[in-house]
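Just below is one structure, and these are the notes that go with it.
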Amino acid sequence: MKVNEDLSILFWLNRQKASKDGLVPIWVRITINGKRDGFSSGKKIHPDAWDEKAAIASMNCPDYKLINSYVVKTRVELEKHYNQLEAVNKKVTATMVKDAYMPKQILQKTLMQAFKLHNEEFAERVSKNKGSKGTLVRYERLKDKVQDFLKKKLRLADLALEDIEMAFAVNFFHYLTMENIGDNTAMKYVKTLKQIIDRAIDEGWIKHNTISGFKCTYVDPDRETLEMHELVGMYEKEITVERLAEVRDVYVFCCFTGYAYETVYNLEPANIFKGLDGKLWITKDRQKTGVEETVPLLPIALAIIEKYKNHPYCIAENKLLPVNSNVRYNAYIKEVATICGIKKELTTHTARHTFATTVLLENDVPIETVGKLLGHKDLRSTQIYAKITKRKISNNMKVLESKIFSEQGLLKVS
C-alpha cells in the first residue's frame with residue numbers, strides 16, 4: 001500500500017516458505033524510492049483466508065482479529081518511524097525504517113509465551129522435587145482454558161501481553177462460570193493467571209499487570225467431615241472385599257494423621273521415627289508447599305501400619321501403605337461410604353478436614369498446633385479448616401457450665 005510518493009508498505013504472503021500444514025508466513029515489505037527491505041511478521045495464515053487486494057485476513061480465518069490488528073499497528077508504527085527519520089536525515093532508506101521498528105517488534109511477547117516461560121520453569125522445579133506434579137497439571141489446565149477462551153470468545157489463537165486489559169479477566173471469569181465451573185475455582189484460575197502475567201513482568205516483557213486490580217473473592221464452602229462415631233464405625237466395619245478394605249484403611253489413616261493423598265501415596269517405612277517422647281512419629285515434606293509435616297502416630301494409625309507391613313505391594317514398592325491411584329481411590333471410598341451407611345461425599349481431602357476438625361479442634365487442640373501438624377506455613381491456611389462445630393461449642397459450654405454452676409444448677413460463689 002502506497003503511503004506517500006516515496007514510501008510504500010506491503011503485507012504479502014511468502015508462499016515459498018509455506019509449511020507442511022498449508023500455512024504461509026506473512027511478510028512485511030518496505031519500499032522507499034524504489035528500494036526495498038522487509039521482515040517476517042511471525043504470523044502465518046492459510047492462503048484462502050488472505051485478501052490480497054486489501055492485504056488483510058478475511059473473517060473465515062480463526063486469527064483474523066489478531067492478524068488484522070497487527071497489520072494496522074505495524075503500518076502505523078512504520079510510517080511513524082519513517083517520519084521521525086525523515087525529519088533528521090537527508091536520506092531515509094527502507095533498511096533504516098526496518099531497523100528503527102524491529103527492536104520494538106522483537107520485544108513484543110504474547111500470553112501463551114508467558115505460559116510457556118512460567119510452566120517450563122515450574123516443570124524444572126518438579127523434576128528436582130521442588131514442586132508438585134499436581135500443581136503443574138493445574139498450571140497446564142489453566143493454559144488450556146485460556147486458549148479455549150481466546151478461541152471461542154475472542155476468535156484468537158494468542159494475544160499480545162500489551163493488549164490485555166481488565167475486561168479480559170472479567171470476561172474470562174464469566175466464561176469459566178458459564179462452563180459449569182464453580183465461582184471459587186474460577187476465581188483461583190484468574191488469581192493464577194495474574195501470577196503468569198507477573199512472571200512476564202519479572203522477565204521485562206511488559207511493565208504493568210493490567211488485571212492486577214481484579215479482586216478475587218471466595219465463598220467459604222461447607223466442607224464434609226466425619227464425626228467421631230462415623231469414623232470409628234468405618235474403621236470397625238467388617239469389609240470382605242480386599243480393595244475396599246485397603247482404601248478404607250488408608251482413608252482412616254489419613255483421618256488420624258491429616259496427610260493429603262499425594263503425601264500418603266509417597267510414604268515409606270523410613271518416614272517413621274522415634275520421637276523425644278519415646279513414641280513413634282511420622283514425617284514427610286508436603287509436595288504442595290515443601291513444608292515438613294510431622295505427626296505423632298495415634299494407636300489406630302499405628303495399627304493400620306502394622307497391618308500392611310508385609311503386604312506384597314508395600315514390600316515390592318517400598319511403600320508404607322497400599323495406596324491406589326487418585327481416581328480409583330476416590331471411586332472406591334464412595335463405595336466404602338455406602339457400605340458404612342455414611343451419606344456424605346467423601347474424597348481424599350475430606351479425611352484431612354476430618355483430622356483438623358473432628359480429631360483435633362473438637363478435642364481442644366490449639367489452632368497453632370493444628371497448623372503445625374497440617375504442615376501449614378501460616379495460620380491463614382489453617383483457619384480454612386477451623387470450622388467451629390456444634391460439638392465444639394457444646395464441649396466448651398460444658399466446661400464453662402462446670403466452672404460457674406454446681407451440679408444442682410446453682411451459681412457457684414467465689
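Using Cα springs under 10 Å in a Gaussian network model of the chain, which residue among SER58, SER127, SER19 shows the largest mean-square fluctuation?
The residue that fluctuates most here is SER19.
Springs between alpha-carbon atoms under 10 Å, Gaussian network over the chain: tell me which of THR95, THR177, THR294 tops the mean-square fluctuations.
Checking each option, the largest mean-square fluctuation is seen for THR95.
Which value at 222 nm does the chain reach when only helices count, each DSSP H run of 4 or more adding -39,500 (n - 2.57), with the total divided by all residues and rounded to the nearest 500 deg cm²/dmol?
-15000 deg cm²/dmol
Only loop residues by DSSP count here, and only those with at most 11 other Cβ atoms within 10 Å; note down the trypsin sites (Lys or Arg not before Pro) in the stretch 188-241 that meet that.
LYS207, LYS215
Between ASP202 and VAL88, what is 0.36 nm times their sequence separation minus the Cα-Cα distance? Round to one decimal in nm.
Extra length available between ASP202 and VAL88 comes to 37.5 nm.
Could you give the nm distance between label points at ASP37 and ARG243, where each point is 7 Å from its Cα heading toward the beta carbon?
The modelled label-to-label distance comes out at 6.9 nm.
Given labels modelled 7 Å from the Cα in the Cβ direction, how far is it in nm from GLN113 to ILE315?
With each label placed 7 Å out from Cα toward Cβ, I get 5.8 nm.
Which residues does the label zone of ASP99 cover in the stretch 1-44, counting backbone N under 17 Å from a point 7 Å along Cα→Cβ?
30-32, 35-39
What nm value, rounded to one decimal, do you get for the distance between ARG125 and ALA167 when each label is placed 7 Å out toward the C-beta?
Those two pseudo-labels are separated by 3.4 nm.
Going down the table (LYS133/LYS215; LYS152/LYS215; LYS279/LYS307), which pairs top 20 Å between alpha carbons?
Beyond 20 Å: LYS133/LYS215; LYS152/LYS215.
Please identify every one of the trypsin sites (Lys or Arg not before Pro) in the stretch 38-85 that sits in a loop by DSSP and has no more than 12 other beta carbons within 10 Å of its own beta carbon.
Here the trypsin sites (Lys or Arg not before Pro) that fit, given the DSSP loop and packing criteria, are LYS53.
Return the label of the correct value of semi-axes √(5λ) of the Cα gyration tensor in Å, as calculated from the structure shown, out of (1) 31, 28, 20; (2) 62, 24, 20; (3) 34, 23, 19.
The listed entry that was calculated here is (2).
Could you calculate the contour length gain from LYS152 to ASN363, that is, 0.36 nm times the residue separation minus the distance between their Cα atoms, to one decimal place in nm?
70.8 nm
How much FRET efficiency would the formula 1/(1 + (r/R0)^6) give for ASP144 and GLU52, where r is the Cβ-Cβ distance and R0 is 30 Å, rounded to 0.05?
Efficiency at R0 = 30 Å is approximately 0.30.
Please name which of ILE367, ALA316, ALA157 has its Cα lying farthest along the dipole of the chain towards the positive end, using unit charges on Cβ (Lys, Arg +1; Asp, Glu -1) and the Cα centre as origin.
Toward the positive end, the furthest listed residue is ALA157.
Quick one: go through the stretch 195-211 and flag any residue whose amide nitrogen is under 19 Å from the point 7 Å out along the Cα-to-Cβ line of GLU179.
Of the residues in the stretch 195-211, 195-197 have backbone N under 19 Å from the label point off GLU179.
Averaging sequence separations of C-alpha pairs under 8 Å and six or more residues apart, then dividing by the length of the stretch 7-107, give the relative contact order as a whole percent.
For the stretch 7-107, the relative contact order is 23 percent.
Using a cut-off of 19 Å between alpha-carbon atoms, which aspartates and glutamates can reach LYS274, once sequence neighbours fewer than 8 places away in the same chain are excluded?
ASP285, GLU292, GLU293, GLU306
State, as an integer percentage, the relative contact order of the chain based on alpha-carbon contacts under 8 Å between residues 6 or more apart.
It comes to 10 percent, rounded to a whole number.
Out of the GluC sites (Glu not before Pro) in the stretch 24-118, which ones are loop residues according to DSSP with at most 10 other C-beta atoms within 10 Å?
GLU52
Looking only at LYS309, LYS35, LYS152, which one moves most when the chain is put into a Gaussian network model with springs between Cα atoms under 10 Å?
Per the Cα network of the chain with a 10 Å cutoff, LYS35 tops the list.
Readers should treat all values here as calculations from the given coordinates under stated rules, not as data from a laboratory. Please read all numbers here as calculations on a predicted model, not as lab measurements. Note that each Cβ is placed from the backbone with ideal geometry, even for glycine, and that neighbours are counted across all protein chains shown.
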